[in-house]
Amino acid sequence: MSSIIRRMIALFWTLIAGHKVFQHPFEPPRFLTLETAQYYMAQIVDPLIDRGHFAAITLTRNRLFSQLLDNLNKSAIVGFPHTTLARRLKTAWNGDASQLVVYDDVQLAVNAYDDVQLAVNAFRAYCLENNLLDFSLQVELFCGILWQNNTFQKYFQTQYQHLIYDNAEEDPPYVHDIVKSWTKNLESSLVIMDEGGGLRSFLGADPISASALSTTADIALRFDQNFVSPPPIQAVIEQISSTPFQKLPLSTLSAALLIPQAQPRFFPELLYNVCQEISELVQNGTPAHEIAVLSPFLSDPLVFELSRRLGKAGIPVQTLRPSLALNANPHVQTVLTLASLAYPAWQMPPDLFQTQAALSIAIPRLDPLRSHLLLKQAISDDNRVTTLPLIEDLPEEISVRIPQDVAHRYETLRSWLASSDPDEPLDYFISRLFSDVLSQPGFGFAESQLAGEDTARLIESYQKFKLPLSADPQADASFLGKEYYRSLRQGLLSALYLPDDEIVGEPGVLISPVMTFLMQNRPVRHQFWLNLGSKGWYERLEQPLTHPYVLNRQWQSGKKWTTDNEVELAHFNLQRTLSGLLLRCSGQVHLCSSTYSEGGTEERGLLLTWAQNLFRSALREDQNG
């Protein structure tokens, strides 16, 4: 729906301009991505922070910006004025009154705006002044102006006669409102929803609103047969959904859920055992792509260690981490570090270790030790590298330690960077750097499809970033490149999102976060559940400036969000998550836990407690029987 909205707004912009919502209505719209919206939000919020607002919040700035934008988005997709955001958040607050400083602005007690409201109001005013359309404003314009217009309706209804709408449960309520109105004038329509879905609730998914569409249907069909899970797995699913939980025979439980004979003490030992079990499964004929390793969150060390161990065993690995920041990618880090050396006008030179890592990836045989010795000759007092030194200027005791072919490639890269045009657009620079140097034989990106894909994503991310900014008079190539580089260093995600079916690596063992795997809707034969004691299996994300369940159409305005609500939500999320995973398992689930978690602590979350109680109950029944 968001794609339809953007196309229709662009097509009917003159109609919207007639309502004089914007200060410059007859200038073209500038559509914002999540990242460019964060960039402009920073222009509003940074001065507020400098004046003492948000002082009680310990968030990184990019998370602060994203939560403010999320509030705006919730107001649009649910359908309430964004000017009431703070009141809704405050009336639901049931904790320490001092926390209300998060929402309140008590500056001189003159304006009773709260910090959140002040920021979102100022951001919306800035957008209306500069023809900037973030997601929330696009939805409001479409629902409030276009969808209500007879001229637009005549055009829109003649474009489509039939509608097939899938995964309705993952959409916010404004989509259901539009579909409900839309289907009245269609020749036919089919709406499909998964009763166990609604996993994107933190993004506004409203399965209750989606289910209401069935009341307007001529025919409603319900399918409840599962063609994936074997009988033992289905018995566990029934056990999860029953109240009180029904007891299962030990034989049924053991056929569905596997636990190790002895629990390892430390997490690295657990990973070793997991890799051993996967190797045995593959040796016994299970295809690698029929195995998934799942955890609430995936850290870099976890992915690295699993990939390394399975790779040594000759087992291919796939990783799916759509939330991974663009600047966390080593290929991207390498390109951006080299770019910061080629654009001295940015005045953001990389530090010694950042440059050392980039050179080691760009020139594989230039190991970190040699690159460190080489760069030590050219660093500034603050440990920054402003230029790459000439090989011939190095002391003899260092130059002799660098092989001649490595020195030649280093000099090729150094001279290419030195001769680059400081006024060249960043995407042109990256493309030439890749084709002229990094992809050539002997360099780090040569014959690497993954490096090429990562570079292409970086170029597309920059192009999406610069599109709305380029309308500003001062936005020359140097300004755009500098702002993009600075924004990435602050932690903004890439403006490019991979399609759901795009996974890094050849078909093999899938390593994925739990929710990402569920959204793939992909059945596998074996699932390995890691970090069983983690609260990440069921707890909502900590978002002090927003609340997806309070800013929801199903929440009664003015009602307090209590501890009971939090506990009820945790149990509901766990039940929904476990049922979703089991429905996508055609063989067995391997429960993997260690005494000490990945973070070195002893965790006792609901999932671990549930599994322990389930097996203890089955053992007692078996012994009594």
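The values are calculated or read from the model by the stated rules, or taken from the named source; none is laboratory data. Just so we're clear, the structure is a prediction, and the values are computed from it rather than from any experiment. All Cβ positions, glycine included, derive from the backbone under ideal geometry; neighbour counts span all protein chains shown.
The rows are residues; the columns are (1) under 30 Å from GLU290 (Cβ atoms); (2) acidic (Asp, Glu); (3) part of a loop (DSSP other than H, G, I, E, B).
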| residue | (1), (2), (3) |
| --- | --- |
| GLN543 | no, no, yes |
| TYR549 | no, no, yes |
| GLN554 | no, no, yes |
| LYS560 | no, no, yes |
| LEU569 | no, no, no |
| ASN573 | yes, no, no |
| GLN588 | yes, no, no |
| THR601 | no, no, yes |
| GLN612 | yes, no, no |
Candidates SER557, SER487, SER534, filtered to the one that is at pLDDT 85 or above and within 21 Å of GLN67 (Cα to Cα): SER487
Options ILE178, ILE208; residue that is under 30 Å from LEU574 (Cβ atoms) and either touching a residue at least 40 places away in the same chain (Cβ under 8 Å) or touching a Phe, Trp or Tyr at 6+ places or on another chain (Cβ under 6 Å) (or both): ILE208
Residues of segment 534-573 satisfying the condition of being touching a helix residue (DSSP H, G or I) at 6+ places or on another chain (Cβ under 7 Å), crowded, with 20+ Cβ neighbours inside 10 Å and closer than 13 Å to LEU606 by Cα: TRP537, TYR538
Pairs, first more than 24 Å from LEU433 (Cα to Cα) and assigned by TED's automatic domain parsing to the domain that holds LEU375 in segment 392-416, second charged (D, E, K, R) and outside any helix (DSSP H, G or I), C-beta under 9 Å, six or more apart: ILE398/LYS376
HIS289 in a helix (DSSP H, G or I), in contact (Cβ under 8 Å) with a residue 40 or more places away in the chain and more than 23 Å from ASN226 (Cα to Cα): no
Residue match in segment 574-590 (condition: surrounded by fewer than 17 Cβ atoms within 10 Å (Cβ to Cβ) and not polar (S, T, N, Q)): no
Members of segment 319-362 that are outside any helix (DSSP H, G or I) and not charged (D, E, K, R): THR319, LEU320, PRO322, SER323, LEU324, ALA325, ASN329, TYR343, GLN347, MET348, PRO349, PRO350
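Which ranges mark the helices (runs of 4 or more DSSP H) fully within segment 198-269 that have 3 or more residues being out of contact with any Gly (no Cβ under 9 Å at 6 or more places or on another chain) and at pLDDT 90 or above? Working first, answer last.
Numbers: elements: 207-211, 231-241, 250-256.
Result: 231-241.
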Test: residue in segment 206-215 that is within 23 Å of THR516 (Cβ to Cβ) and surrounded by fewer than 20 Cβ atoms within 10 Å (Cβ to Cβ): no
Tally, over segment 14-25, of residues that are surrounded by fewer than 19 Cβ atoms within 10 Å (Cβ to Cβ) and in a helix (DSSP H, G or I): 3
Some residue of segment 244-264 being surrounded by fewer than 16 Cβ atoms within 10 Å (Cβ to Cβ), under 23 Å from ARG522 (Cα atoms) and touching a Ser or Thr at 6+ places or on another chain (Cβ under 9 Å): no
Hits in segment 301-340 (condition: more than 19 Å from GLY452 (Cα to Cα) and within 15 Å of the chain's Cα centre (by Cα)): SER323
